[in-house]
1. With labels modelled as points extended 7 Å from the Cα through the Cβ direction, what inter-label distance (nm, one decimal) is found for D78 paired with E39?
2. Can you compute 3J(HN,Hα) from phi for each residue in the stretch 292-301, using the Karplus curve 6.51 cos²θ - 1.76 cosθ + 1.60 with θ = phi - 60°, rounded to whole Hz and x for Gly and Pro?
3. If each residue of separation counts as 0.36 nm, what is the full-extension length gain between H317 and Q164 once their alpha-carbon separation is subtracted?
4. Within the chain, what percent of beta bridges assigned by DSSP are antiparallel, to the nearest 5?
5. Can you give the extra length, in nm with one decimal, that the chain gains between C347 and R223 once fully stretched, where that is 0.36 nm per residue apart less the Cα-Cα distance?
6. Quick one: if you stick a label point 7 Å off each Cα along the C-beta vector at F257 and D101, how many nm between them?
7. Which whole-number percent gives the relative contact order of the stretch 17-139, counting Cα pairs below 8 Å spaced six or more residues apart?
8. For the chain, set up a Gaussian network in which alpha carbons nearer than 10 Å are linked by springs, and say which option among P111, P15, P124 fluctuates the most.
Amino acid sequence: MQTAFRWYGHSDRVPLTWIRQMTPRPLVVTHLHHVPPGEVWPVEDLRRLRAELADNDLSLGPVESVFWTDAMKLGRSDRDLHLENYIQTLANLRAVFPEPDELIVTYNLMPLDWGRTALAQLHPNGTRGLAYDHQAMSQIDLSHGLFLPGWSRRYSLTEFSSLQHAYADQRVDGIWENIRYALNALVPAAAKYDVRLAAHPNDPPWPYLGLPALLCNEQDIRRLLALYPHRSNALCFCTGSYGAEPANNISGMIREFSEAIAWMHIRAVKTTGEKSFHEADHADPTANVDLLTVMRTLVDIGWDGIFRSDHGLDLLHESDSGTNGYPAIDRYVANKMLWAYERALQCGV
């Protein structure tokens, strides 16, 4: 298996020079942050990214993410333009990064992005991390619109109300039909360019703020994969997103969908109540997901892909002032721990 590390571009408090120091040296997971969803990623910008990675002896890993737009998810009139632009982005990525046998491009089906009610919840040992409480989320005052730092944009009250009504009008089955339409356009193009489209699950794995959740459990995964059965219709399997729902059998899901898992996000969460959880230490054996068991499952089934530790805790006096939930130290330590787990398991320890 190969490690990877999320980099948020020049706004990231973790520069590429730090990632270069890591052992094993990870692939860099990133995207063009300045290009709005629905627009084409320019070749010139991708070449600059390639040159910057090369200057630091680093290589591109899975792309995270080429976002699906609301037009694509809701079947609006401009979805075909956005699909055409998406396909051109895949072509441009492949033209600039031809080396991997398969290039992984991540996306998600969430109307927003990952949702949390606390960005720096204090733990008893002094560390801080992301947390979610469903009751607190349901009590958010939307009278002045919505802005949460984990999300990429601010919504006015009118904009957010319109978004809620648009998804409600479609209903879940209607949204799945729009997903089918998008996959029918994208998967053949992805196959042409040797790209695996990797769907990230809903985070948290249930509806909130009146918006639907589409990829939360094994039934949802089966539904997604059945829409267009092909290697290029794949998964970004996140143990934390699925693991926040205690009913999900993470090891069983990994075994069932192993052929469809393009790459892994590996993290631990701990349930604190009904639909409430916080990010846990990656080595915490009392977390919802035991990451040693996850690595043992991957080794047992012979999975040999790319993984990255996901999210993390602020620890050792680290101040995560750049990207909420993505401190440098804990993610690097977790990558090394997971890598060591794999090496030990491969040796039969």
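Rule-based calculations on the coordinates, nothing more; no lab input. What you see is a predicted model, and the numbers here were worked out from it, not measured in a lab. Cβ: placed from backbone, ideal geometry, glycine included. Neighbour counts: every protein chain shown.
1. Modelled inter-label distance: 1.1 nm.
2. Values per residue, Gly and Pro as x: 5, 5, 4, 5, 5, 4, 4, 5, 4, 8 Hz.
3. On the way: separation 153, 0.36 × 153 = 55.08 nm, distance 3.98 nm.
Net length gain for the segment: 51.1 nm.
4. Values: 14 of 39 bridges.
Of all bridge pairs located within the chain, approximately 35 percent are antiparallel.
5. Working: separation 124, 0.36 × 124 = 44.64 nm, distance 3.70 nm.
Separation in residues times 0.36 nm, less the Cα-Cα distance, equals 40.9 nm.
6. 2.3 nm
7. Details: 147 pairs, mean separation 28.7, N = 123.
So the answer I get is 23 percent.
8. Its mean-square fluctuation being the largest, the pick is P124.
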